[in-house]
Structure formats: C-alpha cells, structure tokens
Amino acid sequence: MVEEFDSSPNFNEGNVHISTELRLECHGDLVREAIEAFLEQTFLVELVEAPQRAEISDLSSQNCSLGGGQSATAVVPSRNGMILKPHSHKDWQGRVATWFNQPVRRRKGRQVTVRLSAPRPAPPSGLLQPVVRCPTVRYHTKVGAGRGFSLEELRVAGIHKKVAQTIGISVDPRRQNKCTESLPANVQRRKEYRSELILFPRKPSAPKKGDSTAEELKLATQLTGPVMPIRHVYKKKARVITEEEKNFKVVASRRMTCAITWLFGIPAKRAKEAAEQDVEKKK
C-alpha cells in the first residue's frame with residue numbers, strides 16, 4: 001500500500017524555529033522514523049550553536065549599554081571611516097561663552113580711537129636722526145640719516161631711551177655700532193642738539209632739572225627747516241692727473257695681483273729650493 005504524506009510541522013521552542021516540508025511515498029513506520037531522525041539531528045545542531053549565540057548577545061549588550069540602564073544596538077562603521085566615539089555627557093553649561101558687554105566695549109573702543117587720533121605736540125621738522133653709512137661696498141662711502149640712535153650711543157651721551165623719545169630724538173634699539181667712527185660722531189651730534197634745544201617745563205611753577213630758564217624761554221623760536229641736516233663734505237679737492245697715473249695699467253696690475261695671490265706657494269717653494277742649492281754649492 002502506497003501512501004502520500006505531506007506534512008509541514010512548525011516547532012517554536014526558545015530560539016529554535018524549524019520548518020520542514022516532506023513528501024515521501026512509503027509506509028507509515030518509515031515516515032515516522034524519518035521524521036524522528038530529522039528532528040534529532042536538528043536539535044543537536046541547535047544545542048551546539050545556542051551557547052555561542054548567547055555569548056555574542058551578552059557581549060553586544062555590555063558594549064552597547066547606556067548610562068541609564070538602557071541597551072542600544074551597536075552601530076558598526078562602514079569601510080575605513082572614523083571610529084565613532086560620541087561623548088554624550090559633556091558639561092556644556094559650564095563652557096558657554098557669553099558676550100553681553102558689547103555696548104560697553106563699543107563705547108570704550110570709540111574712546112580709544114578718539115584718544116589715539118587726537119593731535120599731539122611733535123617737532124614740525126621731524127626727529128633728530130643719526131649719521132650712518134649706506135650698506136654694501138658700493139655705497140659705503142656715502143653717509144645719510146639713519147632710523148634712530150643706538151642704545152650704546154644714548155648711554156655714552158648720558159640720556160635714557162625713554163627720555164630721548166620725549167625731546168625729539170629718534171631711537172633704534174636694533175641698530176649696533178660696528179665701527180669706531182660712528183659712535184663718537186653720533187654722540188657729538190646728540191650733544192650739539194641738546195645744547196641748542198630749549199626745553200619748556202611741564203609746570204612753569206615747578207621746573208625740573210634739565211628744563212630751560214625763563215630767560216632762555218623768552219629767546220625761543222620755532223625751527224621750520226630740517227633738524228641739523230647732514231651735509232656731504234668732500235675733503236679731497238680736484239687736481240691734475242700725473243704722468244704716472246696715466247701710464248698705470250689697471251687691468252694688468254689687477255691680474256698680476258690675483259695671480260700672485262693664487263700661486264703664492266709656488267714662488268716661495270722655488271725660492272726655498274734655490275737657497276738650498278746655493279748652500280750646497282758653497283759647501
């Protein structure tokens with residue numbers, strides 16, 4: 001006797017979900033044995049995989065737990081992106097920057113602008129500048145006005161740098177004296193300027209040391225031209241060229257000097273050998 005068996009049993013036990021569909025043509029005993037063997041094999045596989053799934057679920061619940069005891073699903077970043085590390089518990093209330101004093105700052109800014117733009121008493125002819133030489137070998141024979149007096153020049157002249165700026169003397173703290181002529185020349189220039197300067201006291205009723213007297217104040221006149229202009233003085237006067245200077249070969253002399261400098265050791269060696277030979281001949 002042949003029977004057609006169609007069965008679709010569903011088993012729901014915990015995490016086990018089995019859905020089968022069998023179509024067999026055999027006796028009832030054979031069908032029963034086949035179903036029992038299939039179920040036994042399926043349950044064995046489920047029993048082996050269940051502990052692994054339990055461990056994975058425990059780890060995910062621990063890693064994705066929130067501060068309030070809630071659990072969230074872990075977000076796996078895609079590809080080679082930045083690792084997500086959100087800081088959700090920042091104390092941002094203590095880091096808020098406020099700017100409620102804008103009207104006061106605006107008013108103070110206007111006051112500073114008015115104070116800095118106000119006219120100031122300054123020498124109409126400019127500040128006193130030192131005498132310096134132009135840079136490079138090409139122009140070092142010429143002199144001109146420098147940016148300001150060096151600190152060493154002011155120290156030798158006996159005046160402080162802050163006081164010098166208040167009486168019309170320019171100061172350059174970066175400048176250095178690299179020759180012996182510039183220091184005494186600028187010190188003397190500063191002293192001459194101070195001797196001709198009439199310094200008004202801040203308080204006429206209480207003059208301080210260094211202020212001009214009342215008689216000198218009456219003779220004061222404002223200088224309108226440049227302050228102690230630098231005059232280019234040529235010490236050498238024009239003269240007639242001599243015959244020796246006319247016959248002098250500049251290019252040949254320069255080449256000979258370069259050759260002697262470059263081949264300095266060879267003539268010295270030859271002279272030494274000649275002297276040794278003369279000594280041997282005399283023996």
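Every number here is computed from the coordinates shown, using simple stated rules; none is lab data. Predicted model, so just to flag it, every value in this text is computed and none were measured. Cβ: placed from backbone, ideal geometry, glycine included. Neighbour counts: every protein chain shown.
Return Val112, Val187, Val156 ranked ascending by Cβ neighbour count within 10 Å, so the fewest neighbours appear first.
Working: Val112 9, Val187 19, Val156 16.
In increasing order of surrounding Cβ atoms, one gets Val112, Val156, Val187.
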Using 0.36 nm times the number of residues separating Lys269 and Cys179, minus their current alpha carbon distance, what extension gain do you get? 28.5 nm
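First select every other residue whose beta carbon is under 15 angstrom from the beta carbon of Thr180; then total the charges, Lys and Arg +1, Asp and Glu -1. Write down the numbers at each step before the final one.
Numbers: positive: Arg133, Lys178; negative: Glu152, Glu153, Glu181.
Result for the neighbourhood of Thr180: -1.
Given 0.36 nm per residue, what is the gain on full extension from Ser117 to Glu245 after removing their alpha carbon distance, in nm?
Working: separation 128, 0.36 × 128 = 46.08 nm, distance 6.27 nm.
Computed gain between Ser117 and Glu245 is 39.8 nm.
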Using Cα positions and a limit of under 17 Å, work out the lysines in reach of Lys203, with same-chain residues fewer than 8 apart set aside. Lys218
Of the listed links Lys162/Lys191; Lys108/Lys161; Lys161/Lys209; Lys249/Lys272; Lys191/Lys236, those spanning more than 23 angstrom between alpha carbons are Lys108/Lys161; Lys249/Lys272; Lys191/Lys236
Chymotrypsin sites (Phe, Trp or Tyr not before Pro) lying in DSSP loop within the stretch 92-200, provided at most 12 other Cβ fall within 10 Å: Trp99, Phe100
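If you take the beta carbon distance between Ser195 and Arg147 as r and set R0 to 22 Å, what does 1/(1 + (r/R0)^6) give as a FRET efficiency, to the nearest 0.05?
Numbers: r = 24 Å, r/R0 = 1.07.
With a Förster radius of 22 Å, E is 0.40.
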